[in-house]
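Please read the structure below before turning to the comments.
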Amino acid sequence: MPNPTMEASTSRPRRLAVAALALAAGLGLGAGAARAEEPLRWKFQKGETIRYALVQKTATKMKAGEVERGSNVEQTSDIRWVVDEVNPEGVATMTQVIDRVRVKLDSGGQPPFEYDSAEPDKPQEGPLAATIGPMFKALAGFECTLTMDPRGRIESVKIPEKTMEALRGSLAGPMGNMFSEESMKNMITQSGLILPEAAVAKGQGWADESSLPVQQLGTIKTTKTYTVEGPDEKDPTKVRIALDAKMAVEAGENPQVSFEIKEQKNEGQFLFDAAKGRIASSHVEVKMVQLITAGPQKLQQTVDNTMEMTLAPAASAK
């Protein structure tokens, strides 16, 4: 899902900044490790419900000329996977739902914005509430159906039209294009984990490459390299791995925007339960300095993003 940290302004540089922030989100949604004796695989059972808590903290600074503004956002999402079917090959058909969204946003010079989808009728004040409040309301309850094989390859994504209508209508004007069906499907597909074909021993690893088309920018190419660090010291039944990722931008044929990643550091640590076939927890840090140019306008954006995902104890089979 996108990780918006926009300010109230809907000027063109802000629209570009929001699109750029979507790049970081895809780094932290999944990872795994493998024991030497057998390959790592996702494992699902029909009727099973798997719940995750995803906490994202993002500090953003945007500088245009001599003017610099910043924002800090903390977003907690309760995510639920309901396994509808599992075929003999282990390919699962699942319904993914965002049950709850909690947001705290401070943007320089603006009154703080807070939202909890568990309290949808709580009054919201200030320009941020009017500008981005509807978007978070639309994200709460987001639902899609996807199929995933045991290696984590997402083969199809189906999003109900009512969900897309709510997302498109949550932002005014061109900003609503962020939530096209194609862009949402691409983000869900590209953020999935693809596991290696064979077993991976301690000290070894594998790489996963993906491409994500981004409107106005071109194609974002990401290479994720995973290294198995061995059993966890506190719980040897789980395997600890490290992540190092690199991102690059390929401009389209007629790019409206020039986008350059001047600096980046994308690292993570993951704990994978090999017996249950799922992530137990993850911690990913993304730090980037980006230069965005649209005609005479230049925007330098610095993003410091931390993502933590934890398997909720309520995960169980019905």
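Things to note:
- E161-A312 FRET efficiency (beta carbon distance; Förster radius 22 Å; 0.05 resolution): 0.15
- Fully extended contour minus Cα-Cα distance, from E260 to E68, at 0.36 nm per residue: 67.2 nm
- Under 12 Å, Cβ to Cβ, from K224 - net charge with Lys/Arg +1 and Asp/Glu -1: -2
- When each of the peptides 249-259, 45-55 is scored by how many other beta carbons lie within 10 Å of its residues on average, the order from highest to lowest is 45-55, 249-259.
- Between the alpha-carbon centres of segment 79-132 and segment 45-68 there is a gap of 11 Å.
- Residue order, fewest to most surrounding Cβ atoms within 10 angstrom, among D208, D244: D244, D208
- Between Q269 and K221, the contour length at 0.36 nm per residue exceeds the alpha carbon distance by 15.1 nm.
- Cross-link partners of K43 among lysines (Cα-Cα below 16 Å; sequence separation of 8 or more within a chain): K238, K276, K318
Every number in this text was worked out from the coordinates using simple rules, so none of it is lab data. Everything quoted here is computed from the prediction, not taken from an experiment. Positions of Cβ are generated from backbone atoms using ideal geometry, with glycine treated the same way; all protein chains shown enter the neighbour counts.
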